[in-house]
Amino acid sequence: MNIIFVRDVFIKNTPHVNCEIQLVKALNKLGHDAKLIGIGDKTDIGKELILLRSPFGKRKYFLLILLFYLPYYCVSKKIDAVILDQHIIPASILLLIIKKIFAIKIILDVRSIPVETDLPWDYKASCKFANRFFDGATFITEGTKDYVEKLIKSKFKKTALFPSAVNLAIFHPAITNSIPLYVKEKAKKRINIFYHGSISPNRGLDLVIDAVNKLKDKYSNILFISISDNNQYILDYCDSKNYDLANYMLLLDVVQHEKLTGYINLADICVVPLPRMLWWEISSPLKLMEYLAMEKPIILSDIKAHLEVVPLNSEFAVYFNPDNRDDLSDKLLETISSLAKLKSNAAEGRKIAASKFTWEIQAKVIEEFINRK
């Protein structure tokens, strides 16, 4: 089958879009011809990418280009299925007119609900439109599906679920990518607590920083490593609390997806501190899948999204209550004291990832969904 995914993001500057790239690669391995359309320069093009310009950096102009580009591309390349999110729906109008003539399936894909913002004015209308005119919808979790269907007060006729996943060939504990010498030196002989990804006020990083500040006197070799494009939030939070943690933190800029393995390998403990909020409860955290694949001890909040992936009694993970501001430091203390045992059992995490959360598994879900009558 010929399949395209469409996203209105700058591919080069959007780390989370690697999910779509990995899914496209997995579909190609199954023998399909899959591509991802996004925003970017032609110099950034990979074999699985089609990058279009967004004039003046405005989304509306990108959508206007797509309005005419999608029908042309789908007809000329004999596309079987177009998978897009709610942001792209306005650009699907002309494609809808010809989809029956050329047997093109149009599928809505919902990877998240609006996070840390009010519901956009067009979100509900877009989902209603997709439910009325598209050939079905895929969702990242059952909770996300329920949220959207309650929002529009209607059930989608044809749906499938596929969560975040991980490329086991890239995220393997035996793979050590070259990382800067100063990073290795800083992390040497330390108890390394690792986090990577987006940082904002509602992601639980304040709990991690509080915990590091509480434990630094007992464990003078503790080190919090963060890889993010917003580590300034951490510095600002430390200033607001008068924390002196310069010797206990290593804040690094975003690295290429394929190079994350070497940095995660530095970790003794990986932390996923998401608070108990609706959008996180029904999410599927990508970083959790990557930590599982890397066979790392994990400390994570006891929200539904995590409990549905990692069993509560897992012997490589420790859960904490994000509603209790002291609980993370208490559980981190417990984790450090039993670190050897946790590490010896951490291979179980990779087994979980391999059984349910690989991109090959998700690609087969997509394949079956497109073929379903």
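The values are calculated or read from the model by the stated rules, or taken from the named source; none is laboratory data. Note that the structure is predicted; figures quoted are calculated from it, not measured. In this analysis, Cβ positions are derived from the backbone assuming ideal geometry, glycine residues included, and neighbour counts consider all displayed protein chains. Side chains included, ligands, DNA and RNA excluded: accessible areas come from the protein's heavy atoms. Shrake-Rupley method; radii C 1.70, N 1.55, O 1.52, S 1.80 Å.
Taking Cα centre as origin and charging only the Cβ of basic (Lys, Arg, +1) and acidic (Asp, Glu, -1) residues, the dipole magnitude of segment 254-313 rounds to 100 debye.
The residue list 107, 223, 187 was ranked by how far each Cα lies along the charge dipole of segment 81-225 toward its positive end, using unit charges on Cβ atoms, and 107 comes out on top.
In this simple spin-label approximation, residue 142 and residue 33 carry label points 7 Å from Cα along the Cα→Cβ vector, and these lie 3.9 nm apart.
Express in whole angstrom the spacing between the alpha-carbon centres of segment 203-240 and segment 44-66. Result: 37 Å between the Cα centres.
The candidate values were (i) 66, 47, 35; (ii) 72, 54, 43; (iii) 69, 44, 40; the one computed from these coordinates for Cα extents along the principal axes in Å carries the label (iii). A cut-off under 12 angstrom between Cβ atoms defines the neighbours of residue 102, and their net charge, with Lys, Arg +1 and Asp, Glu -1, is +4.
Need the full-extension length gain, residue 241 to residue 181, defined as separation in residues times 0.36 nm minus the C-alpha distance. One decimal, nm. Walk me through the numbers before you get to the answer.
Working: separation 60, 0.36 × 60 = 21.60 nm, distance 3.12 nm.
Full-extension gain reported as 18.5 nm.
Remark on residue 52: its backbone amide H falls under 5 Å from those of 38, 39, 40, a criterion applied only to residues 5 or more positions apart or on other chains, H modelled at 1.01 Å from N.
Helices of the chain meeting both criteria, an alpha-carbon length of 24 angstrom or more along the long axis and an average Kyte-Doolittle score not below 1.0, with helices taken as full DSSP H segments, are 59-76. Relative to the Cα centre, the charge distribution of the chain, modelled as +1 at Lys and Arg Cβ and -1 at Asp and Glu Cβ, gives a dipole magnitude of about 1320 debye.
Length gain on complete extension for the stretch residue 155 to residue 78, per 0.36 nm per residue less the alpha carbon to alpha carbon distance?
Numbers: separation 77, 0.36 × 77 = 27.72 nm, distance 3.00 nm.
Here the answer is 24.7 nm.
Couplings for segment 181-191, taken from phi via the Karplus curve 6.51 cos²θ - 1.76 cosθ + 1.60 with θ = phi - 60°, read 4, 5, 5, 4, 5, 5, 8, 5, 6, 10, 8 Hz in order; Gly and Pro are left as x. Projecting label points 7 angstrom from Cα along Cα→Cβ for residue 372 and residue 258 puts them 3.4 nm apart.
For the pair residue 345 and residue 308, a Förster radius of 25 Å applied to the C-beta separation gives a FRET efficiency near 0.80, rounded to the nearest 0.05. When all protein chains stay in place and ligands, DNA and RNA are ignored, the 1.4 Å accessible-area order of 183, 75, largest first, is 75, 183. Dipole of segment 1-155 computed with +1 at Lys/Arg Cβ and -1 at Asp/Glu Cβ about the Cα centre; of 55, 148, 120, farthest Cα towards the positive end is 55. Highest average first, the peptides 148-161, 274-287 ordered by how many other beta carbon atoms sit within 10 Å of their residues are 274-287, 148-161. P(r) tail, segment 83-238: Cα-Cα pairs separated by more than 29 Å, 45% of all pairs. Shown are 21, 93, whose ranking by accessible area with a 1.4 Å probe and every protein chain present, most to least, is 93, 21. Around the amide H of residue 216, modelled in the peptide plane, lies no amide H under 5 Å away from a residue 5 or more places distant or on another chain. When the C-alpha to C-alpha distance is required to be over 31 Å, the pairs from 29/124; 12/356; 77/287; 78/364; 12/186; 351/373 that qualify are 29/124; 77/287; 351/373.
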